[in-house]
Amino acid sequence: MNELIAILEEKFPQLKFTPGRQFSWSPETGEIFFRRGAKSRQAMWSLLHETGHALLGHHSYKADFELLKLELAAWERARQIGQEVDVDIDENHIQDCLDTYRDWLYKRSICPSCGTKCLQQDDFTHYSCFNCRAVWRVSASRFARSYRRQLA
Ligand SMILES: [Zn+2]
Ligand SMILES: [Zn+2]
């Protein structure tokens, strides 16, 4: 892991790698956080993925459907970097990660009152149910996956 970080730092001197509790990209501070001491292959893939977000300059998304596009783009970039630094990313792992996001987005869009699948509202912070008119709030940041809170 440290070796890979050293290679990435040399390759992309504009990037900043900071030890943290989990792998993530912070557009606010411009840092890529990595879990200290992580050694698994999956950890290396995560590092490449977050590096992909950073190189693509991803900021927080607005609409939920944008999130999957950003995730996909970050994995594609990660795959390219992987080829350059000799780390093969397992395609199944990529699909699993994307599925996790799909499930999460799907759950956000289900009405907590009646179970109807709904569309996100224009301000991107709410969903409202066309069936029973329930309204619920969703967090706007993909780095803060809070639980839904029902408003009405
Ligand atoms: Zn991501
Ligand atoms: Zn409903």
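Hey, among 13, 27, which residue is loosely packed, with under 15 Cβ neighbours inside 10 Å and at pLDDT 95 or above?
13
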**OP:** Specify which of the listed residues (60, 109) is in contact with a strand residue (DSSP E or B) (Cβ under 6 Å, 6 or more places away or on another chain) and within 23 Å of residue 138 (Cα to Cα).
**Re:** 109
Subject >> Residues of region 75-85 satisfying the condition of being touching a residue at least 40 places away in the same chain (Cβ under 8 Å) and either within 15 Å of ligand 1 (Cβ to nearest atom) or touching a Ser or Thr at 6+ places or on another chain (Cβ under 8 Å) (or both) >> reply: 81
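Is there a residue in region 53-75 that is hydroxyl-bearing (Ser, Thr, Tyr) and more than 21 Å from residue 103 (Cβ to Cβ)? First the steps, then the outcome.
Filtering region 53-75 down to residues hydroxyl-bearing (Ser, Thr, Tyr) leaves 60-61.
So of that shortlist, the ones also more than 21 Å from residue 103 (Cβ to Cβ) come out as none.
No, that holds for no residue.
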Original post:
Is it the case that some residue within region 109-120 is at pLDDT below 95, exposed (fewer than 14 other Cβ atoms within 10 Å of the Cβ), more than 10 Å from ligand 2 (Cβ to nearest atom) and not in a helix (DSSP H, G or I)?
Top reply: yes
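Assess whether residue 70 counts as being among the hydrophobic types (A, V, I, L, M, F, W, C), modelled with pLDDT of 95 or more and assigned by TED's automatic domain parsing to the domain that holds residue 10. Let's see the steps before the verdict.
Details: among the hydrophobic types (A, V, I, L, M, F, W, C): yes; modelled with pLDDT of 95 or more: no; assigned by TED's automatic domain parsing to the domain that holds residue 10: yes.
Answer is no for this residue.
Mind checking which strands (runs of 3 or more DSSP E) fall wholly inside region 9-71 and carry at least 3 residues that are free of Cβ contacts under 8 Å to residues at least 24 places away in the same chain and more than 16 Å from ligand 2 (Cβ to nearest atom)? Steps first, answer last, please.
Values: elements: 16-20, 24-26, 31-35.
Those strands (runs of 3 or more DSSP E) span 16-20, 31-35.
The values are calculated or read from the model by the stated rules, or taken from the named source; none is laboratory data. This one's a predicted model, so the numbers in the text were calculated from it and none came from an experiment. Cβ sites come from the backbone with ideal geometry, for glycine too, and all protein chains shown count toward neighbours.
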